[in-house]
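J.: Here it is, the structure, as structure tokens.
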Amino acid sequence: MPSQGMTPNALVPKRASRRLGVVALLILLAGTLGFQEVEVLQLDYSTLAQQLVVALGSALAIALLLERAVEVLLQVICGPQEAEIRARQAVMRQSQEDAMAREKAVFDMLETTDERMTFLSAGGSAERLSALAMGDSRSIETRTEQAAALTIQKQYLSTICLTVLGGAIAMGGYRLLAPVLQLPDPNTLPGMQHALLTLLDVVVTTLVLGGGAKGIHDMITRLTEPGDG
């Protein structure tokens, strides 16, 4: 039974039987396509990992360029909002510092201990400092919510921009799977198989570039790190 605090995902069927049905349908579809007349690709498994690392290296360089371009674009889109948040934080911090300085100046002007005790306890500084603390707590909460909302917005826009740019580069001719799988001349492949591999190559290249440089770097690290044995 799902947790009460958990929001169900609209893309995931609620019942296990339906989830199993979706998996079975995908397997059946893949099996049906597999029975079509296609040419089996002859892969050189001895150089497959090396080819993959080379392809990912070029993708990493492209992803770094795309990320820099997207950073500049997001600075244009979100820069004014970030500057406004920082300005509000600076004004709030300065006003609190000024208020504390005034309180301290008044306190220092009092000569006797009784006067200072009266000032602290009889409605002077204590209430004002309490109000300042409450205001600071509310402002911190507000700033945190604004910063979180802006971060989510920037991450969303960054992913969209990287995916769009990656898709444009993939459709423009840059592909990841073709050199890795060492695909033969398209003229030697059946039309449907060539179209399917091309579509798959474009989709994979788009998603890899859209995931950013960090994900590609992690993949290269896992491929190049020595094994446990």
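The values are calculated or read from the model by the stated rules, or taken from the named source; none is laboratory data. Everything quoted here is computed from the prediction, not taken from an experiment. Heads up, the Cβs are rebuilt from the backbone with ideal geometry, glycines too, and the neighbour counts pull from every protein chain shown. Surface accessibility is based on the protein's heavy atoms, side chains included, excluding ligands, DNA and RNA. Shrake-Rupley method; radii C 1.70, N 1.55, O 1.52, S 1.80 Å.
J.: Testing the spin-label approximation: label points 7 Å from Cα along Cα→Cβ at residue 117 and residue 81. State their distance in nm.
T.: 5.4 nm
J.: Would you rank 103, 67, 84 by solvent-accessible area, highest first, keeping every protein chain in place and using a 1.4 Å probe? Walk me through the intermediate numbers first.
T.: Values: 103 25, 67 55, 84 85 Å².
In descending accessible area the options line up as 84, 67, 103.
J.: Under a 1.4 angstrom probe, counting protein chains only, how are 45, 174 ranked by accessible area, largest first? If you can, show how the numbers build up before the last one.
T.: Details: 45 160, 174 50 Å².
Order by accessible area, largest first: 45, 174.
J.: Need the full-extension length gain, residue 26 to residue 71, defined as separation in residues times 0.36 nm minus the C-alpha distance. One decimal, nm. Walk me through the intermediate numbers first.
T.: On the way: separation 45, 0.36 × 45 = 16.20 nm, distance 3.79 nm.
Residue separation times 0.36 nm, minus the Cα-Cα distance, leaves 12.4 nm.
J.: Within straight cross-link reach of residue 154, meaning Cα distance under 23 Å, which lysines are found once same-chain residues fewer than 8 apart are removed?
T.: Reachable lysines: 214.
J.: What do you reckon, how do 201, 218 stack up by accessible area (1.4 Å probe), largest on top?
T.: Values: 201 5, 218 55 Å².
Ranking 201, 218 by accessible area, largest first, yields 218, 201.
J.: Okay, moving on. With a 1.4 Å probe and all protein chains kept in place, how much accessible area does residue 66 have, in Å² rounded to the nearest 10?
T.: Surface accessible to solvent at residue 66 totals approximately 20 Å².
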